[in-house]
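Q: This is the structure, below, for whatever I ask next.
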Amino acid sequence: MDTITASTLSDKLAGRVARFADRREDWTVFGFETALDPKFARAQRRYLGASGSVDHSDLRGSIPATAFTMSIQSMPPGNQIPMHCHETEEIFFILDGAARVRCWENGDHHDITLGRWDLVALPPFLQHEVFNEGDGICHLQTLLAKPQPLRPQYNDARLLELQGAVG
């Protein structure tokens with residue numbers, strides 16, 4: 001292999017690695033949710049893209065997304081992700097701990113219990129919420145199937161109002 005090819009490949013991959021050691025738990029990402037109810041508190045570590053943020057350039061050290069976003073959320077016991085949906089598929093993969101994902105459609109709900117290394121892929125526009133009912137922190141990998149998805153569409157009018165005030 002000549003050095004031009006190696007250098008070009010190296011240059012191509014520069015900035016495409018996100019290491020855990022460089023990620024920090026960011027408890028401010030969901031701050032307006034937490035302000036409404038402390039049980040919504042959770043941290044996010046961004047790896048790929050800005051998820052469903054107001055400002056897609058606010059990568060907080062993550063790699064710019066080209067196909068989908070990926071972050072890791074850490075949710076303390078007893079906390080939850082409030083009911084919402086996205087215009088794109090959302091995937092939850094449990095890295096450690098356990099969670100209950102409650103999905104809603106036409107007034108009916110269905111619960112899915114996930115443990116370590118379990119995954120659920122939720123279709124676009126399906127209202128859902130996630131609960132950590134375990135004894136420890138639940139670390140869940142979250143993927144959204146677009147590089148710049150819209151902000152979450154909350155079911156709670158108070159969260160929609162707070163979200164609108166943020167940006």
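Q: Somewhere in segment 70-89, is a residue outside any strand (DSSP E or B) and hydrophobic (A, V, I, L, M, F, W, C)?
A: no
Q: Another question, then. If I ask for residues that are in a loop (DSSP other than H, G, I, E, B) and either among the charged types (D, E, K, R) or in contact with an Asp or Glu (Cβ under 6 Å, 6 or more places away or on another chain) (or both), which ones from segment 93-122 would you list?
A: Arg116, Asp118, listed by residue number.
Q: May I pose another question? So Leu160 passes all but one of these: (1) assigned to a strand (DSSP E or B); (2) in contact with a Phe, Trp or Tyr (Cβ under 9 Å, 6 or more places away or on another chain); (3) surrounded by fewer than 16 Cβ atoms within 10 Å (Cβ to Cβ); (4) not β-branched (Val, Ile, Thr). Which condition number does it fail?
A: Only one criterion in (1) assigned to a strand (DSSP E or B); (2) in contact with a Phe, Trp or Tyr (Cβ under 9 Å, 6 or more places away or on another chain); (3) surrounded by fewer than 16 Cβ atoms within 10 Å (Cβ to Cβ); (4) not β-branched (Val, Ile, Thr) is unmet by Leu160, namely (1).
Q: Related question: Residues of segment 107-134 being at pLDDT below 95 and surrounded by fewer than 15 Cβ atoms within 10 Å (Cβ to Cβ), which ones?
A: Gly107, Glu133
Q: All but one of (1) in contact with a strand residue (DSSP E or B) (Cβ under 9 Å, 6 or more places away or on another chain); (2) among the aromatic types (Phe, Trp, Tyr); (3) in contact (Cβ under 8 Å) with a residue 40 or more places away in the chain hold for Phe32, so report the exception by its number.
A: The one condition Phe32 does not meet is (1).
The values are calculated or read from the model by the stated rules, or taken from the named source; none is laboratory data. As the structure is a computational prediction, the values presented were derived from the model and not from experiment. When we count neighbours, we look across all protein chains shown, and the Cβ atoms used for this are built from the backbone with ideal geometry, even at glycine.
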